[in-house]
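Single-structure report; data block below.
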Amino acid sequence: MALNKIDLVGPGEARDLGSVLTAPAVPISALTGQGIDALEGAILETVLSGQVTASDLPVVSNPRHKERLSQALDHVEAALAAARSGLTADLVAIDLTAAVYVLGQVTGQTASDDLLESIFSRFCIGK
């Protein structure tokens, strides 16, 4: 763990804060560069020691993407259930098409009006 902004506190204060953390912390200052070499060394030591392992599960950090992926999975599961129950291919395709559309919202290949409104509401254009 990196304990940033140590340039804003006295030497004893950074050490005191590090003592209450549950994980080992390397005090750094992104502004001045102080402690960056120690942080790089700690990262390298952690990786080479085998303490860090890659997960087989994908990581999705964007809440909107996570929601869309969950919706796509729901559509795929519904299509699979429809196919297993003997429904016709055109009925199965409805859920598959919906899954592709929702995945397109993650990749940027499709965009609903609500999505575009959400994205552009965060920008201040022309002021």
Q. Short version: ³J(HN,Hα) in whole Hz for each residue of the stretch 86-101, in order, from phi by Karplus 6.51 cos²θ - 1.76 cosθ + 1.60 (θ = phi - 60°), x for Gly and Pro, what are they?
A. x, 5, 5, 4, 5, 6, 5, 5, 4, 5, 5, 5, 5, 5, 5, 4
(Q) Test of understanding: what is the full-extension gain from S70 to R84, defined as 0.36 nm times their sequence separation minus their Cα-Cα distance? (A) 2.9 nm
Q: Would you pull out the residues with amide H under 5 Å of A2's amide H, same chain only if 5 or more places away, H placed 1.01 Å from N?
A: V26
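Quick note: the coordinates plus some simple rules give every number you see, no bench work behind them. As the structure is a prediction and not an experimental result, all values here were calculated from the model.
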